[in-house]
Amino acid sequence: VGNYKRTVKRIDDGHRLCNDLMNCIHERARIEKVYAQQLTEWAKRWKQLVEKGPQYGTVERAWCAFMSEAEKVSELHLEVKGSLMNEDFEKIKNWQKEAFHKQMMGGFKETKEAEDGFRKAQKPWAKKLKEVEAAKKAYHAACKEEKLAISRETNSKADPALNPEQLKKLQDKVERSKQDVLKTKEKYEKSLKELDNATPQYMENMEQVFEQCQQFEEKRLRFFREVLLEVQKHLDLSNVASYKNIYRELEQNIKTADAVEDLRWFRANQGPGMSMNWPQFEEWSADLNRTLSRREKKKASDGVTLTGINQTGDQVSQPNKHSSSLSVQSNTMQSVQSSYNPFEDEEDTGSTVSEKEDNKIKNVSSYEKNQSYPTDWSDEESNNPFSSTDANGDTNPFDEDTSPAMEVRVRALYDYEGQEQDELSFKAGDELTKMENEDEQGWCKGRLDNGQVGLYPANYVEPIQ
């Protein structure tokens, strides 16, 4: 009696399992969305790096094909996310709403109907079972009383102190207990027989309600199987024709890379085959050859607002004297000596990439396609950037050839945000102390009022008069 409750509980479990399946699909959809976003960001960043980098020709197009593949795969995973949420998730939600009806007093209508059905089918049989238990209890009590009476009678026969009247009472007690045993036994057997006769009908009624619960659960199980198959179809990109075409196209783009063609292009555009500009006789012109004095250059630059720094590698183009924009070289020694590996897996290191390290990844290529090279040349060893003294790292590229100058107070003309750890940051109007004169690359060493020492662009400050 009451064991039908686990069958009733299965209905409530079915409603909870619908919620669990929806949560499962929702989490997978969120993973698909995040993966798609990461693919898009990766493709965008690396496409810019490859396009600005030194790679060229058909190999460049083959490399960029991977970024195109990532963008297309990202779109497919966004479609997967949309299918999971708009189709599968909503389908389960609607089915759950139709299959389970909440009551005003709590619980579900289907649960109450099943419980009422089981209770109604079990009530007559449970009543007869209760009568059997009572009859059994009465019969066992009578048997116990009979055994006790017989024991007392047997002991009294061995006791000479008892008179015949007392012995008669004990014998009557034994006789009455035997009659009670017979009477309770008959009643017990009768109630048990009635219970046995009611059992088939009881089983039929209970099985009828149980089958109704089985049918309800069968609908849920079949529905879950149907939904899981649809989820499988939405997740299985291998059967999507467009997915196969992405990698077929990627393979074709890679195979179109032709080293001979790229070498031929480079020869024609960057090598001996390019158009030459041989020196020719030029007439002297007062306007073209007039040299600006240092003061005139300074006045001309007063109207220019520097908004950023163009960071490049060791090979930096020299600024054109007639150019209105300035390109300042940053100290790349720190970034070269950095132990950060841009290709190191985040999960292997157990730490997340910091914002500064992420910037290093974005600037992993220090070259640009339109990078200009210095036209001035000299055969003097002092101007060789690859001289042994610089190559072995024993010298500081910011050291002056001459003895350090006296410390001078200077004022910042523009805002500057340090790009490396050894650079200073300051705002326009801030005052600092210049410790060393400007080097060949346009940098000075200075000290802020808070004691911080570092490098800064020389043309960002002016001496305090």
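The values are calculated or read from the model by the stated rules, or taken from the named source; none is laboratory data. Everything numeric in this text was worked out from a predicted model, so none of it was measured. Cβ: placed from backbone, ideal geometry, glycine included. Neighbour counts: every protein chain shown. Areas reflect the complete protein model, heavy atoms only, side chains present, ligands, DNA and RNA absent. Shrake-Rupley method; radii C 1.70, N 1.55, O 1.52, S 1.80 Å.
Can you give the charge dipole size of region 109-209 about its Cα centre, rounded to the nearest 20 debye, using +1 on the beta carbon of Lys and Arg and -1 on the beta carbon of Asp and Glu?
Details: 24 positive and 20 negative charges, 65 e Å.
The calculation lands at about 320 debye.
Calculate the FRET efficiency for Glu207 and Ala141 from the Cβ-Cβ distance with a Förster distance of 30 Å, rounded to the nearest 0.05.
Values: r = 36 Å, r/R0 = 1.21.
Efficiency, from the Cβ-Cβ distance: 0.25.
At 7 Å along the Cα-to-beta-carbon direction for both Lys183 and Ser425, put a label point, then send me their distance in nm to one decimal.
10.4
Under 1.5 on a/c is rounded, so check that first for region 109-209, then, if it is not, pick prolate when a/b is larger than b/c and oblate when it is not; a ≥ b ≥ c are the square roots of the alpha carbon gyration tensor eigenvalues. If you can, show how the numbers build up before the last one.
Working: a/c = 6.50, a/b = 4.25, b/c = 1.53.
It comes out prolate by the Cα gyration axes.
Amide H of Glu423 versus every other amide H placed in the peptide plane: which residues, excluding those fewer than 5 positions away on the same chain, fall under 5 Å?
Result for Glu423 returns Leu455.
What is the gain in length, in nm to one decimal, between Asn269 and Glu217 on full extension, counting 0.36 nm per residue of separation less the C-alpha to C-alpha distance? Write down the numbers at each step before the final one.
Working: separation 52, 0.36 × 52 = 18.72 nm, distance 7.44 nm.
11.3 nm is the gain from fully extending Asn269 to Glu217.
Which of the lysines could a cross-linker span from Lys427 if the Cα-Cα distance has to be under 23 Å and same-chain partners fewer than 8 positions apart are dropped?
List returned: Lys298, Lys299, Lys356, Lys445.
What does a probe at Arg409 reach in region 424-465, counting residues whose amide N is under 11 Å from the point 7 Å along Cα→Cβ?
431-433, 464-465
Report the gain in length on full extension from Tyr56 to Lys190: 0.36 nm times residue separation, minus Cα-Cα distance, nm rounded to one decimal.
Details: separation 134, 0.36 × 134 = 48.24 nm, distance 10.23 nm.
Answer, rounded to one decimal: 38.0 nm.
Carbon and sulfur: what percent of region 409-463's accessible surface (1.4 Å probe)?
Values: 1050 of 2680 Å².
Carbon and sulfur together cover 39 percent of it.
Grab the Cα-Cα distance for Gln166 and Lys5, subtract it from 0.36 nm times how many residues apart they are, and report the gain in nm with one decimal. Each step should come with its number before you reach the end.
Working: separation 161, 0.36 × 161 = 57.96 nm, distance 5.74 nm.
Separation in residues times 0.36 nm, less the Cα-Cα distance, equals 52.2 nm.
If R₀ is 56 angstrom, what is the calculated FRET efficiency for the pair Glu251 and Thr199, using the beta carbon separation as r and rounding to 0.05?
Working: r = 73 Å, r/R0 = 1.31.
In this case the efficiency is close to 0.15.
Run the quick spin-label model on Met435 and Lys112: label points 7 Å from Cα toward the beta carbon, then report their separation in nm to one decimal.
My value for the distance between the label points is 8.3 nm.
With +1 on each Lys and Arg Cβ and -1 on each Asp and Glu Cβ, and nothing else charged, work out how big the dipole of region 409-463 is about its Cα centre, in Debye to the nearest 20. Don't skip to the answer; put the middle values down first.
Working: 6 positive and 13 negative charges, 54 e Å.
Magnitude of the dipole: close to 260 debye.
With a 1.4 Å probe and every protein chain left in place, work out the accessible area per residue of region 409-463 in Å², rounded to a whole number.
Numbers: 2680 Å² over 55 residues.
That works out to 49 Å² per residue.
Would you please classify the overall shape of region 409-463 from the alpha carbon gyration tensor, given that a ≥ b ≥ c denote the square roots of the eigenvalues, rounded means a/c under 1.5, and beyond that prolate means a/b larger than b/c while oblate covers the rest?
On the way: a/c = 1.20, a/b = 1.09, b/c = 1.10.
The shape class here is rounded.
Note down the nm distance, to one decimal, between modelled labels 7 Å out along Cα→Cβ at Lys120 and at Arg30.
Modelled inter-label distance: 4.5 nm.
Leaving out same-chain residues fewer than 8 places away, which lysines sit with a Cα under 22 Å from that of Lys93?
Lys9, Lys33, Lys81, Lys102, Lys109, Lys112, Lys219, Lys233
Going by amide H atoms built from the backbone, whose H comes under 5 Å of the H on Trp443, apart from near neighbours?
Amide H neighbours of Trp443: Ala458.
Express in Å², to the nearest 10, the accessible area of Arg409 obtained by rolling a 1.4 Å probe over the protein heavy atoms while all chains stay in place.
Solvent-accessible area, nearest 10 Å²: 90 Å².
Projecting each Cα onto the charge dipole of region 109-209 (Lys/Arg +1, Asp/Glu -1 at the beta carbon, about the Cα centre), which of Cys143, Gly117, Asn197 comes out farthest on the positive side?
Value: Cys143.
Provide the FRET efficiency to the nearest 0.05 for the Glu131-Asn23 pair, computing r from the beta carbons and using R0 = 51 Å.
Details: r = 50 Å, r/R0 = 0.98.
That pair, Glu131 with Asn23, gives E of 0.55.
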